[in-house]
Amino acid sequence: MYLEKFLAHVQAQKPIVFNSEMHHFMVAISDEARRITAKLNNAYRTPAEITALMSELTGRKLDQSFAMFPPFYTDFGKNIVIGKDVFINSGCRFQDQGGIVIGDGTFIGHNAVLATLNHGIAIKERRDTYPQPIQIGQNVWLGANVTITPGVTIGDGAIIAAGAVVNRDVAAYTIVGGVPAKLLRELTSAEKE
């Protein structure tokens with residue numbers, strides 16, 4: 001199975017049935033992701049080496065403005081799209097099978113978790129996974145220990161307070177926080193610049 005077929009499947013938000021051809025392909029790509037993240041996380045890497053390894057991991061050439069402090073973890077890698085001037089702090093975990101898009105100028109704090117898969121509720125379907133993408137706009141700031149759940153879109157300029165669990169879309173130029181995250185306030189005109 002080719003990566004394009006898998007990506008089309010998850011983009012259509014079709015389930016990944018346990019032990020299916022789609023599931024076995026996902027596991028094989030996960031093995032590759034673990035190999036690359038082991039290289040990334042287990043020795044000092046220069047910024048250029050980090051960018052090169054992240055480009056290999058995602059299968060897309062990252063802009064030289066990208067920056068990250070390892071360690072970084074993902075269990076797929078090939079469904080992450082990262083814009084320009086993005087910073088990812090240490091300890092982040094991306095479950096990207098369902099797709100993660102990160103807009104230009106976004107900062108992601110320590111230990112953020114971005115999860116794009118759910119499991120079936122019925123016991124007989126719990127090994128099946130259900131993909132939904134995460135879309136993060138431009139100039140977003142995710143605080144430390146934030147969790148973003150499957151299917152969430154975060155608008156441009158939004159701030160997600162540390163420790164928040166975001167389980168619904170976040171409007172542009174707002175600040176949300178809490179568990180589950182709720183609107184704290186809108187950014188002022190001066191704060192939008």
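All of the numbers you see were taken from the coordinates with simple rules; none came from a lab. Since the structure is predicted, the reported quantities are computational estimates derived from the model, not experimental observations. Here Cβ is always computed from backbone atoms with ideal geometry, including for glycine, and neighbour counts include all displayed protein chains.
Which fully enclosed strands (runs of 3 or more DSSP E) of segment 76-193 have 2 or more residues being over 15 Å from the mean Cα position of the chain (by Cα) and buried (at least 17 other Cβ atoms within 10 Å of the Cβ)?
On the way: elements: 80-82, 92-95, 100-102, 113-115, 117-119, 129-131, 134-136, 174-177, 182-186.
Once the strands (runs of 3 or more DSSP E) in segment 76-193 are filtered for at least 2 residues that are over 15 Å from the mean Cα position of the chain (by Cα) and buried (at least 17 other Cβ atoms within 10 Å of the Cβ), what remains is 129-131, 174-177.
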First in segment 130-145 and farther than 15 Å from VAL165 by Cβ, second anywhere and assigned to a strand (DSSP E or B) and hydroxyl-bearing (Ser, Thr, Tyr), Cβ under 7 Å, 6 or more apart: GLN135/THR153
Where LYS84 falls short, out of the listed (1) in contact (Cβ under 8 Å) with a residue 24 or more places away in the chain; (2) in contact with a Ser or Thr (Cβ under 6 Å, 6 or more places away or on another chain); (3) closer than 25 Å to ILE159 by Cα: (1)
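I'd like to check something: does segment 31-39 contain any residue that is without any contact (Cβ under 8 Å) to a residue 24 or more places away in the chain and closer than 16 Å to GLN97 by Cα? Spell out the reasoning first.
Here is the first cut: in segment 31-39, the ones without any contact (Cβ under 8 Å) to a residue 24 or more places away in the chain are 31, 35, 38-39.
Now drop any that are not closer than 16 Å to GLN97 by Cα, which leaves 31.
Within segment 31-39, one or more residues are without any contact (Cβ under 8 Å) to a residue 24 or more places away in the chain and closer than 16 Å to GLN97 by Cα.
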